[in-house]
Amino acid sequence: MAAPQESHALDESSRWDTGRYHSIEDISNSKRVETFAKEGLLNVCDWVVTEKIHGSNLSFITNGEQVQCAKRSRPLSDSEEFFGFQSVKEKYLSNILKLWRIMSTRNLIHSTLNSSEKIVTIYGELFGGRYSHPDVKPVNSAVMCQFGIEYCPQNEFMAFDIFDGNDYLDYDLMTEIFAESGVPFNNPLFRGSFEDAYRYDPKFTTTIPSIFGLPPLPFPNKAEGVIIKPVKTLHVTSGAARQTRVILKIKSPDFVERVRSKKREFRETSRSERKKPREPMDNLFAELATFINENRVASVISKFGPIVTKGEEESELNERINQVSELLYKDALTDFNKDDELRERTEKLPNWQQEVIWKRGNAEAMKVVKGYARKIKSVHLDDSKRDSSDGEYE
């Protein structure tokens with residue numbers, strides 16, 4: 001076999017199907033957990049708990065000769081702005097190709113339905129871009145991937161799944177191949193029964209900076225949460241959730257995507273409210289608003305790309321704010337409709353009242369996104385004032 005060429009992108013003519021990484025349900029979705037239990041999938045094998053990194057989904061797709069990067073929704077061109085992924089691609093290109101060779105030698109790659117080529121997809125998280133420690137030198141070329149947790153000053157990548165063309169590799173085989181190829185991955189925080197994994201406390205300081213030998217920050221730097229999954233790749237085999245992968249996430253309360261306002265809850269239970277009940281339309285909008293918050297904005301941006309970039313025109317920022325606002329509202333509405341009770345209550349309203357709720361929801365989404373953008377701009381302004389000549393860690 002000829003030596004692989006370290007090309008920077010796939011041939012457009014190859015039409016490789018990158019595949020979109022599945023969504024991971026939170027343990028608060030009791031129906032999903034019940035489905036896994038009914039099929040006897042919770043106690044088949046050990047479960048592992050890994051820290052959930054607050055970044056952006058990034059995948060590497062390769063046939064052993066060429067490498068294509070993709071975000072969650074589509075492939076990325078090498079000139080595209082997406083959280084500085086180019087530096088990560090350059091850094092790990094040879095490791096990705098080595099991983100393909102290892103899998104090919106061991107006959108672990110399956111041809112896809114759309115191509116006879118042997119394609120491997122490595123899914124992971126793109127993160128980093130800021131670390132506010134006085135002894136850590138900023139990386140001026142880095143792009144901050146997320147707001148709220150700081151991992152390292154440079155942009156980095158951590159893999160969490162390998163798709164072999166047919167299915168995801170079992171956990172132990174996957175980590176063995178990651179270790180052999182040098183592709184970075186996150187070590188488990190726990191391994192054991194589903195019951196113990198399910199009860200794992202997601203409230204802890206992130207472990208990621210220590211991987212890079214960085215000193216602790218002088219302020220709280222909490223983890224986003226954890227991912228729990230069986231060491232064997234398992235899927236639901238029947239019912240409406242057929243083919244759903246057995247995997248769950250547990251988010252820290254600080255990062256949940258449905259946030260109830262204490263002020264709103266107080267109004268709903270006050271004496272004046274009890275004397276004059278709120279209209280069903282107002283109550284349902286209040287419920288919808290709990291799904292529209294900055295944590296969900298961060299999740300949407302991880303798929304969309306940076307909302308604020310350096311040296312941009314105001315018109316460009318406004319266009320991205322509009323795009324993110326639409327995506328935020330769509331994402332919030334999707335989760336709102338997963339609640340059968342909320343969906344049924346809404347469907348009972350007259351059409352004009354439903355329209356009012358949706359319009360108010362859109363306005364709320366725009367308000368939240370604009371506030372988030374202001375925060376990010378202030379962080380960029382603060383970064384520009386930092387003295388990049390200080391610090392020991394690079």
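The values are calculated or read from the model by the stated rules, or taken from the named source; none is laboratory data. All of these numbers come straight from a predicted model, not from anything done at the bench. Note that we place each Cβ from the backbone using ideal geometry, even for glycine, and neighbour counts take in every protein chain shown.
One residue stands out in region 334-356 among those that are surrounded by fewer than 19 Cβ atoms within 10 Å (Cβ to Cβ) and touching a helix residue (DSSP H, G or I) at 6+ places or on another chain (Cβ under 7 Å): the one that is farthest from residue 84 (Cα to Cα), namely 349. The number of residues in region 343-370 being within 19 Å of residue 256 (Cα to Cα) and among the hydrophobic types (A, V, I, L, M, F, W, C) comes to 3.
Could you tell me whether residue 119 is buried (at least 21 other Cβ atoms within 10 Å of the Cβ), modelled with pLDDT of 95 or more and not assigned by TED's automatic domain parsing to the domain that holds residue 308?
Details: buried (at least 21 other Cβ atoms within 10 Å of the Cβ): yes; modelled with pLDDT of 95 or more: no; not assigned by TED's automatic domain parsing to the domain that holds residue 308: yes.
Against the criterion (buried (at least 21 other Cβ atoms within 10 Å of the Cβ), modelled with pLDDT of 95 or more and not assigned by TED's automatic domain parsing to the domain that holds residue 308), residue 119 does not qualify.
Enumerate the helices (runs of 4 or more DSSP H) found wholly within region 293-381, keeping only those where 1 or more residues are touching a Ser or Thr at 6+ places or on another chain (Cβ under 8 Å).
Where helices (runs of 4 or more DSSP H) fall fully within region 293-381 and carry at least 1 residues being touching a Ser or Thr at 6+ places or on another chain (Cβ under 8 Å), they are 294-304, 314-338.
In the set 138, 220, 153, 209, only one residue is part of a loop (DSSP other than H, G, I, E, B), in contact with a strand residue (DSSP E or B) (Cβ under 7 Å, 6 or more places away or on another chain) and assigned by TED's automatic domain parsing to the domain that holds residue 62; that residue is 138.
Condition check ((1) part of a loop (DSSP other than H, G, I, E, B); (2) surrounded by fewer than 20 Cβ atoms within 10 Å (Cβ to Cβ); (3) modelled with pLDDT of 90 or more) across all residues:
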| position | (1), (2), (3) |
| --- | --- |
| 9 | yes, yes, no |
| 20 | yes, yes, no |
| 43 | yes, yes, yes |
| 69 | no, no, yes |
| 73 | yes, yes, no |
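Selection over region 114-142 of residues that are under 30 Å from residue 166 (Cβ atoms) and either touching a residue at least 24 places away in the same chain (Cβ under 8 Å) or in contact with a Ser or Thr (Cβ under 8 Å, 6 or more places away or on another chain) (or both) gives a count of 13.
Give the residue, chosen from 95, 63, that is surrounded by fewer than 20 Cβ atoms within 10 Å (Cβ to Cβ), in contact (Cβ under 8 Å) with a residue 24 or more places away in the chain and more than 16 Å from the chain's Cα centre (by Cα).
95
Counting only residues that are in contact with a strand residue (DSSP E or B) (Cβ under 9 Å, 6 or more places away or on another chain) and assigned to a helix (DSSP H, G or I), how many does region 165-180 have? Looking only at that region, the number is 7. For residue 162, the criteria (1) out of contact with any Lys or Arg (no Cβ under 8 Å at 6 or more places or on another chain); (2) crowded, with 23+ Cβ neighbours inside 10 Å; (3) assigned to a loop (DSSP other than H, G, I, E, B) hold in every case but one, which is (3).
Residues that are touching a Pro at 6+ places or on another chain (Cβ under 9 Å) and of a type in the set (Val, Ile, Thr) do occur in region 61-77.
Of the residues 203, 249, 232, only one is assigned by TED's automatic domain parsing to the domain that holds residue 130, within 16 Å of the chain's Cα centre (by Cα) and at pLDDT 90 or above; which?
Working: 203 fails: within 16 Å of the chain's Cα centre (by Cα); 232 fails: within 16 Å of the chain's Cα centre (by Cα).
On inspection, the qualifying residue turns out to be 249.
Could you tell me which of the residues 297, 324, 369, 308 is among the β-branched types (Val, Ile, Thr), surrounded by 16 or more Cβ atoms within 10 Å (Cβ to Cβ) and modelled with pLDDT under 90?
So the residue among 297, 324, 369, 308 that is among the β-branched types (Val, Ile, Thr), surrounded by 16 or more Cβ atoms within 10 Å (Cβ to Cβ) and modelled with pLDDT under 90 is 308.
The C-beta contact set for region 28-50 (first residue among the acidic types (Asp, Glu), second residue assigned to a strand (DSSP E or B), distance under 9 angstrom, 6+ apart or interchain) comprises 46/191; 46/192; 46/230.
Take the residues in region 75-124 that are part of a loop (DSSP other than H, G, I, E, B) and among the hydroxyl-bearing types (Ser, Thr, Tyr); name whichever of them is farthest from residue 172 (Cα to Cα).
Quick first cut of region 75-124, residues part of a loop (DSSP other than H, G, I, E, B) only: 76-84, 106-111, 113-114, 116-119.
Going one step further and asking which of them are among the hydroxyl-bearing types (Ser, Thr, Tyr), we end up with 77, 79, 111, 116.
Working: 77: 32, 79: 35, 111: 22, 116: 27 Å.
That would be 79.
Would region 95-102 turn up any residue that is on the phi > 0 side of the Ramachandran plot and not assigned by TED's automatic domain parsing to the domain that holds residue 306?
Going residue by residue through region 95-102, those that are on the phi > 0 side of the Ramachandran plot are none.
Among the residues of region 95-102, not one is on the phi > 0 side of the Ramachandran plot and not assigned by TED's automatic domain parsing to the domain that holds residue 306, which makes the answer no.
Out of all the residues in region 210-223, is one or more surrounded by 14 or more Cβ atoms within 10 Å (Cβ to Cβ), in contact (Cβ under 8 Å) with a residue 60 or more places away in the chain and closer than 30 Å to residue 34 by Cα?
Yes, region 210-223 has at least one match.
Inside region 141-163, residues that are of a type in the set (Phe, Trp, Tyr) and within 30 Å of residue 104 (Cα to Cα) make up a count of 3.
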